[in-house]
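This report concerns only the one structure given below.
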Amino acid sequence: MKIRHKKWLYAAVFLTSALLLAGCESKEERAVKEAVSAELDQLKSPDKKTIEKYLSVHELFPDTDNGEENVDPDIVKIF
């Protein structure tokens, strides 16, 4: 083969492999990306129900009670 033909062959192989590698994204990867972005979009503007769904005060602070017996009296006066 002449050098000119080899250059065209290498260019064609390079372009073909670049297009195949860049364009191959599986359906599962797209589905995962869409699911994650949908969950993150919900967290951008959460309402009270959404926050309560993901975060629980009892799970975050299991040792605390809802009563006021553990709270400093000065704080109780303020609130």
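Structure summary
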{"read-out": "Filter result for E68 (touching a helix residue (DSSP H, G or I) at 6+ places or on another chain (Cβ under 7 Å) and at pLDDT below 75)", "value": "yes"}
{"read-out": "Failed criterion for A12 (all others in (1) at pLDDT 85 or above; (2) within 17 Å of the chain's Cα centre (by Cα) hold)", "value": "(2)"}
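The values are calculated or read from the model by the stated rules, or taken from the named source; none is laboratory data. What you are looking at is a predicted structure, and each value in this text was computed from that prediction instead of being measured. No Cβ is skipped: glycine too gets one built from the backbone with ideal geometry, and neighbour counts run over all protein chains shown.
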